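Undergrad: After the structure tokens below, expect a handful of questions from me.
Values quoted throughout were computed directly from the atomic coordinates according to the rules given, and no laboratory measurement underlies them. Bear in mind the structure is a predicted one, so any value in this text is a computation, not a measurement. Cβ placement follows ideal geometry from the backbone for every residue including glycine, while neighbour counts extend to all protein chains displayed.
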Amino acid sequence: MTNPTENNLYLPSKEVIAKANVKEYDNLYAFSIENREQFWAEQAEHLGWYQKWDKVLDASKPPFFKWFCGAKTNIVHNAIDRHQHTEVRNKLALIWEGEPGDVRSFSYHALNREVSQFANILKSMGVKKGDVVTIYMPQIPEQIFAMLACAKIGAIHSVVYGGFSHEALADRINDANSHVVITADGGFRRGKVVEMKSVVNKAMELSPTMEICITIKRVNIDVYMENGRDYWYHDLVSLPIASSKCDTEQMDANDTLFLLYTSGSTGRPKAMIHTHGGYSVYISTTHRMVFDIKPDDRYWCAADPGWITGHSYIVYGPLMNGATIIMYEGAPTYPYPDRWWKMVERYGINILYTSPTAIRGLMRFGDSWPNRNDLSSLRLLGSVGEPINPEAWRWYHEVIGNNKCPIMDTWWQTETGGFMITPLPITPLKPGSGSKPFFGNEIAVVDDDGNEVKADEEGTLVIKSPWPGMTAGIFKDTQRFIDIYWSKYKKQGWYLTGDSAKKDKDGYFWIIGRTDDVIKVSGYRLGSAEIEGVMISHPAIVESAAIALPHPIKGNCIHIFAILRNGYEANLELEHDLINHMVTHMGPIAKPEAITFVDQLPKTRSGKIMRRVLKARALGLPDGDLSTLED
Ligand code: WTA
């Protein structure tokens, strides 16, 4: 990257272009649109298959698109098995650092051993192809091994973010009808132990289907273990059943790889389905091209594996590309605000991928913390989860990237599986824009009738064409999938993203934010309906509405409007009690910034809360169209 030109465009340097895996965008993009199936078939050739496909794309039953039909594969075949026969075998797959400073590393050979042992343990516990295994863990290597072990034997993993409460966990276990949960006694965060097994124990009391819990010892605390239900991983792994030889199950390309719960516009969280075949192709291709992966790269995606970013770009994408991944257990500011920068120096990290919230959070400590570490190994930076404000972009670019590392601002969703709008290292960059669609994707900003809006005008972001990483649907809820994503532009057959955006005259996309009731706090995706459900479980609350308000570090924060039950009085003590109630019953990430007690909530005549009116009032903005307001 050179300094910005007068129109604020950051041009890639000659060195970056010379070394880039993809050297040109426009022609390849045009080719990928005109020859979508051919483009994706060529990308699929980078992977290994037990059996090749008969058909690249079956679009006969939209929106249920099927990719690589007839093919046999397993994502583990590409993430681990095939590396055993190349020079990648002895390369490091994972360097992990615990918060207290302990370090563990695993070659691809060791990864194969760990995952095979774990897979054999799951099999011996009766886990079969198609079973859903819930994973609720701190960020330790076993979290990754557990995911891969499930995939290896054809079981479906459902990773639940470790910051969720026992109730949120139980909801997800029950919805998925999961019988097995993998956890740890706890993890380290900000110098303290965060208990996990005790949370799982409480969740299991609410989960009639739960039969087996496997626990990894991480923090060495006393936990309650029930005979016949609870097993320590270290006991199981020392038994002869845990052999390090395990065949990888041959899966159909469209068989389910994982469920991942995410929040939507209404109701309880929904489990998005991703499959072995199309997802493998999409994730490995986007990761290789956008992060320009080279054989000796050390790549760090500082997300949590419990979210889609971790699934796609900590675990599966990088491992399929044979990269060395870095993983860190704890808080970025522990014990000092340069923990991350120390890790960059310590491991010679080349690529760092994180969220605007993390960047803003570290930026506030000033330049001296990064400046006292050697960050010269960094070649590329990445951002995901929420729009990045130009100020944070520039700090990341100048102070962390020393003005030489292009920033890949990748726009995508749990549903899309991988990057949809993203720069490539060769793309001239505009701070705050994710630039242009990835190959094969037709993306537009439209009005309610589906007409493209003018340059720089706000509209609805839609995806017009299928892509291999797209979700196969919502687990057990076909109709909801159609209603949420495919009904607004049914006539056109377009996918509704839930985001509003602008496209400028150069074809660059600028994401504005969610138009539905999804709240993005620190890049984490939460649903207003789930938050409100927890609020009204408190005896003092009759009704509530949760909205997102801007926050300087977190991007957004949760603000709650609540109607009190008769006999309760609005005061500070009750507000604190309700905030604690949210933290206990949903998890620390759902902690509201403030609660406003009201007598009434604005509603439509059909009884839907008009959250946009609450938001406008809270921000002191005009109410907007009130024609549907009931009162
Ligand atoms: C938002 C996270 C602006 C967006 C991968 C999207 C972004 C939602 C960006 C999906 C970005 C994600 N710029 N906004 N680069 N990346 N978003 O499912 O609102 O947790 O719809 O997936 O995050 O959140 P999810």
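Undergrad: In this model, which of Lys197/Lys270; Lys152/Lys202; Lys152/Lys245; Lys430/Lys554; Lys23/Lys436 are farther than 19 Å apart at the alpha-carbon?
TA: Exceeds cut-off: Lys197/Lys270; Lys152/Lys202; Lys430/Lys554.
Undergrad: Please check which bits of region 362-398 a label hung off Lys342 would reach, taking the label as a point 7 Å along Cα-to-C-beta and the cut-off as backbone N under 18 Å.
TA: It comes to 362-363, 365-376, nothing else.
Undergrad: For region 200-272, what class follows from the C-alpha gyration tensor (a ≥ b ≥ c being the square roots of its eigenvalues): rounded when a/c is under 1.5, otherwise prolate if a/b is larger than b/c, else oblate?
TA: Oblate, because a/c is 1.5 or more while a/b does not exceed b/c.
Undergrad: Shape call for region 136-275 from the C-alpha gyration tensor, a ≥ b ≥ c root eigenvalues: rounded (a/c under 1.5), prolate (a/b greater than b/c) or oblate?
TA: oblate
Undergrad: What distance in nm separates the simple spin-label points at Asn220 and Glu398, each placed 7 Å from Cα in the Cβ direction?
TA: Simple spin-label model gives 4.6 nm for this pair.
Undergrad: What is the antiparallel percent of DSSP beta bridges lying wholly in the chain, to the nearest 5?
TA: 60
Undergrad: Apply the Karplus curve 6.51 cos²θ - 1.76 cosθ + 1.60, θ = phi - 60°, to the phi angles in region 480-485 and return the couplings in whole Hz, x for Gly and Pro.
TA: 5, 4, 5, 4, 6, 9
Undergrad: Okay, helix-only estimate at 222 nm for the chain: each DSSP H run of n ≥ 4 adds -39500 (n - 2.57), divide by all residues, round to 500 deg cm²/dmol; what do you get?
TA: Calculated from helices alone, the mean residue ellipticity at 222 nm is -7000 deg cm²/dmol.
Undergrad: Given H placed 1.01 Å from N in the peptide plane, which residues other than close sequence neighbours of Gly523 have an amide H under 5 Å from its amide H?
TA: Asn556
Undergrad: Of all trypsin sites (Lys or Arg not before Pro) in region 138-197, which ones are in loop regions per DSSP and have a Cβ with at most 13 other Cβ atoms within 10 Å?
TA: Answer in residue order: Arg190.
Undergrad: Another one. Based on the Kirkwood radius over alpha-carbon pairs, what is the Stokes-Einstein translational diffusion coefficient of region 441-567 at 4 °C with 1.567 mPa s viscosity, in µm²/s?
TA: Taking Rh from Cα pairs, D becomes 77 µm²/s.
Undergrad: Give me the distance between the Cα centres of region 459-479 and region 340-358, rounded to whole Å.
TA: Cα centres, region 459-479 to region 340-358: 32 Å.
Undergrad: Using 0.36 nm per residue of separation minus the Cα-Cα distance, give me the extension gain between Ser198 and Asp504 in nm, one decimal.
TA: Net length gain for the segment: 105.1 nm.
Undergrad: What is the set of long-range amide H partners of Tyr353 at a cut-off below 5 Å, with H atoms built 1.01 Å from backbone N?
TA: The answer is Trp300, Cys301, Ala302, Gly382.
Undergrad: Taking all pairs of distinct Cα atoms, average 1/r, flip it, and tell me the Kirkwood hydrodynamic radius of the chain in Å to one decimal place.
TA: 25.2
Undergrad: Let me ask something additional. Sequence neighbours fewer than 8 away in the same chain don't count; with that in mind, list the lysines whose C-alpha is under 19 Å from Lys91.
TA: Of all the lysines, those that pass the test against Lys91 - Cα under 19 Å, at least 8 places apart if same chain - are Lys294.
Undergrad: While we're looking at this one, here's another question. Give the value in nm², to one decimal: projected area of the alpha carbon convex hull of region 164-223, averaged over all directions.
TA: 3.9
Undergrad: If amide hydrogens are placed 1.01 Å from N in the peptide plane, which non-local residues have theirs closer than 5 Å to the one on Ile443?
TA: Under 5 Å from the amide H of Ile443: Lys464.
Undergrad: Using the Karplus equation 6.51 cos²θ - 1.76 cosθ + 1.60 (θ = phi - 60°), what ³J(HN,Hα) coupling, rounded to whole Hz, does each residue of region 472-478 give in order, writing x for Gly and Pro?
TA: For region 472-478, the Karplus-derived couplings read 8, x, 9, 4, 6, 8, 4 Hz, x marking Gly and Pro.
Undergrad: With labels modelled as points extended 7 Å from the Cα through the Cβ direction, what inter-label distance (nm, one decimal) is found for Lys61 paired with Arg229?
TA: About 3.9 nm separates the two model spin labels.
Undergrad: State the three equivalent ellipsoid semi-axes of region 381-450, derived from the C-alpha gyration tensor as the square roots of 5 times its eigenvalues, in descending order and whole Å.
TA: 24, 13, 11
Undergrad: Related question: Read phi for every residue in region 378-388 and hand back ³J(HN,Hα) as whole Hz from Karplus 6.51 cos²θ - 1.76 cosθ + 1.60, θ = phi - 60°, with x for Gly and Pro.
TA: 5, 10, 9, 10, x, 9, 7, x, 6, x, 9
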